[in-house]
Amino acid sequence: MTDIAQALQRVKQRIENAASEANRQPQDIKLLAVSKTKPASDVQQAYDAGQRAFGENYLQDALPKIAALPLPDIEWHFIGRVQSNKTRDIAKHFAWVHGIDKLKHAQRLSQQRDPQQAPLNCCIQVNLSDETSKGGVTPAELPDLAAAITVLPHLKLRGLMTMPDPNSDKQTLLQVFTQLRELRNSMREKNIPMDTLSMGMSGDLEHAVASGSTLVRIGTDIFGARPKANPALIS
Ligand SMILES: *Cc1c(COP(=O)(O)O)cnc(C)c1O
């Protein structure tokens, strides 16, 4: 077995353990393998081990990989910052977008999505860490954005995403994740259906699953440590 296949198995075991602790079914938690900055050969290895959903942050890094790996059932998720000049490529090449925080971007993605393709699945990013530099809407801004997205013809609103400050302690992480779940519940009460809570990364997967996560985004613990983000790729 390759290192990546073994790491993938360990992560799945962690999801199973966390689910069992929380009296949840492991199949209710989707594993997104975050392959940002990693070569196509790493994605291929994970694919060969049965993984199908992959997350990418940087468009310039992702597009050549997507082109190099036209594999059956492979599913690409854009988890980086959405910017207007990227929406066309995102709409064309991805199945999911996790970081929507502006109606303008959602409208562009819907306009630019080929109607022959399935609707683009999207999550609204909510900022629950009070960090002004980070993306995401405030809880107060969420209902209007969610309602506006549900009427866009080529998007499908799936749920909410959050990314706590990585230096948070356990109690803060649990608070943030619980808050996201409660926001999702309050959207459902407003008849805005949502089936996805995109929360949990390598370091906080267990807390996220305990708090109701339905999709964990795991990079480091599958593919190994990454070099520091290359600013040339982010712009
Ligand atoms: C990089 C990244 C991840 C994965 O983080 P790890 O700590 O490597 O598991 C998850 N979500 C987003 C939005 C990311 O940018």
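The values are calculated or read from the model by the stated rules, or taken from the named source; none is laboratory data. On a predicted model such as this, the values are computed, not experimentally measured, just so you know. A quick note on method: Cβ atoms are made from the backbone with ideal geometry, for glycine too, and the neighbour counts reach across all protein chains shown. Please note that ligands, DNA and RNA were not included when accessible areas were found on the heavy atoms of the full protein model with its side chains. Shrake-Rupley method; radii C 1.70, N 1.55, O 1.52, S 1.80 Å.
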Near pairs, Cβ below 8 angstrom, 6+ apart or cross-chain, from the range 143-169 (closer than 25 Å to ASP114 by Cβ) to any residue that is of a type in the set (Phe, Trp, Tyr):
ARG158/TRP96
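Condition check ((1) in contact with a His (Cβ under 6 Å, 6 or more places away or on another chain); (2) within 27 Å of GLN6 (Cα to Cα); (3) assigned to a loop (DSSP other than H, G, I, E, B)) across all residues:
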position: GLY135; (1), (2), (3): no, no, yes
position: LYS156; (1), (2), (3): no, no, no
position: MET163; (1), (2), (3): no, yes, yes
position: GLY203; (1), (2), (3): no, yes, yes
position: GLU206; (1), (2), (3): no, yes, no
position: ARG217; (1), (2), (3): no, yes, no
Residues satisfying the stated conditions in the range 43-71, i.e. within 16 Å of the ligand (Cβ to nearest atom) and in a loop (DSSP other than H, G, I, E, B):
GLN51, ASN57, TYR58
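Hey, can you tell me all the residues within the range 15-42 that are among the small types (Gly, Ala, Ser) and in a loop (DSSP other than H, G, I, E, B)? I'd like the intermediate steps shown before the answer.
So in the range 15-42, the residues among the small types (Gly, Ala, Ser) come out as 18-20, 22, 33, 35, 40-41.
ALA22, SER35 - these are the residues of the range 15-42 that are among the small types (Gly, Ala, Ser) and in a loop (DSSP other than H, G, I, E, B).
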Name the single residue that is nearest to GLN107 (Cα to Cα) among those in the range 157-185 being in contact with a helix residue (DSSP H, G or I) (Cβ under 9 Å, 6 or more places away or on another chain) and charged (D, E, K, R).
ASP165
Can you tell me how many residues in the range 72-126 are closer than 23 Å to ARG181 by Cβ, over 13 Å from the mean Cα position of the chain (by Cα) and not in a helix (DSSP H, G or I)?
1
Quick one: ASN85 ticks every box in (1) touching a helix residue (DSSP H, G or I) at 6+ places or on another chain (Cβ under 9 Å); (2) closer than 26 Å to ALA147 by Cα except a single one, so which number is it?
(1)
Scan the range 210-227 and give yes if some residue there is away from the ligand (no atom under 16 Å from the Cβ), farther than 25 Å from GLN13 by Cβ and open to solvent by 80 Å² or more (accessible area, probe 1.4 Å), otherwise no.
no
Pairs, please: C-beta under 7 Å, at least 6 apart or cross-chain, first residue within 8 Å of the ligand (Cβ to nearest atom) and open to solvent by less than 50 Å² (accessible area, probe 1.4 Å) and in the range 192-208, second in a loop (DSSP other than H, G, I, E, B) and not polar (S, T, N, Q)?
SER202/GLY219
Identify the single condition in (1) of a type in the set (Ser, Thr, Tyr); (2) surrounded by fewer than 16 Cβ atoms within 10 Å (Cβ to Cβ); (3) closer than 30 Å to GLU189 by Cβ that SER110 does not satisfy, given that it satisfies every other one.
(2)
Report, by residue number, each residue of the range 160-191 that is within 16 Å of the ligand (Cβ to nearest atom) and β-branched (Val, Ile, Thr).
THR162, VAL176
